[in-house]
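Encoded as structure tokens, the structure appears first; notes follow it.
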Amino acid sequence: MLVVPLIGATVGLDLRTGKTLWTKDIWCNATPVPVSGDLLFVPTFNRGLVRFSATTGTARDTDPDYAMETDGFAGQNGTRVWFRAPDKDGVPHLVCYDIAQRSTVWRTPMGRTPPGRGGALRVTPGRESVYVQRLRDPADAKEKDLGTAVFSALDTETGARRWERWEKEAWADLPEEPRSWMTADGTLYTDEGHSLHARDVKTGGERWGGDARTSLDRVSSPRGVLLRDDVSLFVVDANGWTHLVDPRDGTIKRTTFPAVPTGAVARGDTALVPGPSGSPLYRVDWGAVTAIDPEDGRTLWAFQGVTEQQQEQEGLLWQVASGTRTAVFARRFGRDYFALPVG
């Protein structure tokens with residue numbers, strides 16, 4: 001079964017044939033996540049938080065405490081999800097919610113975050129702290145002098161704020177809008193001067209990367225970072241090369257080169273998507289989806305699909321939903337879905 005959120009509806013497709021099995025009036029504003037059995041959970045534009053059956057599309061229940069628009073999931077770990085939602089006075093809060101128990105674990109005000117829904121929110125759950133990164137809203141001129149993002153750490157179990165700081169307060173030497181990726185161990189990976197750096201997210205102190213310009217075994221122009229199983233750091237660069245990097249010092253241990261022409265890769269963004277344990281790592285970009293064996297770096301296959309009318313929009317990444325036996329691909333805002341065997 002494949003559940004596909006569309007504009008104004010959600011549909012269930014037979015994964016073997018692609019046939020539409022049901023269509024329901026569920027306006028998802030995030031990808032539904034599994035709860036247990038065939039039960040899925042999703043925030044919606046029109047019905048708040050909804051749990052529904054993947055088999056029939058029938059809504060099982062809704063949470064009346066969140067019968068409002070939400071921003072989608074900022075993070076997920078097991079049965080816990082994090083999202084931004086206002087309280088009854090309109091003050092934005094970060095909510096930790098247990099989708100199995102259908103209950104709020106905690107909610108905490110967004111600190112100095114300005115009112116409103118502007119700016120992207122990223123939540124990275126760690127063992128003791130939940131790390132929060134809120135990117136600046138480009139339309140908010142008042143935030144410009146404070147830096148591009150606000151970082152904070154919240155207690156995993158209570159939501160109590162451990163610390164919070166604006167980017168410019170910590171690192172005055174960072175470029176105006178660096179690319180950055182945060183991992184559960186409290187590391188912030190950044191693209192500074194077209195090279196990969198690792199910093200402590202709390203202090204801004206550099207762990208490594210300062211010698212990248214003079215070292216041939218460091219990643220240049222990173223475009224995507226993925227820490228898999230807490231030990232394997234994968235980084236894709238602007239050329240579409242996928243590197244296995246030692247997280248202790250940033251040295252490259254192995255490189256997988258793209259199986260498609262690099263010209264296609266360079267036209268848009270690039271990202272890394274993990275599959276379930278024992279399945280491939282996927283590199284997605286404007287031109288293709290490439291499956292990589294995370295154990296030895298071999299390219300298993302590359303999939304380019306078909307040409308669509310939206311092809312000229314270079315920002316349209318492929319998206320991947322992978323199980324242990326089947327992976328489904330679609331361009332963001334595209335019309336076609338493709339299902340392929342994982343092996």
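Within the assembled protein chains, the solvent-accessible surface assigned to THR56 is about 60 Å², based on a 1.4 Å probe.
Put the Cα centre of the stretch 185-213 next to the Cα centre of the stretch 17-77 and the gap is 37 Å. Distance between the 7 Å Cα→Cβ label points at SER221 and LYS19: 4.8 nm. 3J(HN,Hα) along the stretch 248-257: 7, 9, x, 6, 7, 9, 6, 10, 10, 8 Hz, from the Karplus curve 6.51 cos²θ - 1.76 cosθ + 1.60 with θ = phi - 60°, whole Hz, x for Gly and Pro.
Using a cut-off of 12 Å between beta-carbons, work out the net charge of the residues near THR10 (Lys and Arg +1, Asp and Glu -1, THR10 not included).
Values: positive: LYS24, ARG47; negative: ASP25.
Residues close to THR10 contribute a combined charge of +1.
Taking a sphere under 11 Å around the Cβ of ASP38 and counting the other residues whose Cβ falls inside, with K and R at +1 and D and E at -1, yields a net charge of +2.
For THR55 and PHE338, calculate 0.36 nm times their separation in residues minus their Cα-Cα distance, and state this gained length in nm to one decimal.
On the way: separation 283, 0.36 × 283 = 101.88 nm, distance 2.00 nm.
Taking THR55 through PHE338 to full extension adds about 99.9 nm, to one decimal.
Taking a sphere under 15 Å around the Cβ of VAL130 and counting the other residues whose Cβ falls inside, with K and R at +1 and D and E at -1, yields a net charge of +3.
Legend: P(r) of the stretch 18-76 from all alpha carbon pair distances, 5 Å bins from 0, whole percents, reading 4, 20, 29, 26, 14, 5, 1, 0.
Calculate the FRET efficiency for VAL11 and GLU128 from the Cβ-Cβ distance with a Förster distance of 41 Å, rounded to the nearest 0.05.
0.50
The slack in the chain from GLU295 to ALA238, taken as 0.36 nm per residue of separation less the alpha-carbon distance, amounts to 18.3 nm. 3J(HN,Hα) along the stretch 274-287, derived from phi through the Karplus expression 6.51 cos²θ - 1.76 cosθ + 1.60 where θ = phi - 60°, amounts to x, x, x, 3, x, 10, x, 9, 10, 9, 10, 8, 5, x Hz, with x in place of Gly and Pro. The C-alpha radius of gyration of the stretch 73-114, expressed as a fraction of 2.2 N^0.38 Å, stands at 1.16.
For the pair ARG228 and THR79, a Förster radius of 25 Å applied to the C-beta separation gives a FRET efficiency near 0.75, rounded to the nearest 0.05.
The values are calculated or read from the model by the stated rules, or taken from the named source; none is laboratory data. All values reported here derive from a predicted model rather than from experimental measurement. A quick note on method: Cβ atoms are made from the backbone with ideal geometry, for glycine too, and the neighbour counts reach across all protein chains shown. Calculation scope for accessible area: heavy atoms of the full protein, side chains included, ligands and nucleic acids excluded. Shrake-Rupley method; radii C 1.70, N 1.55, O 1.52, S 1.80 Å.
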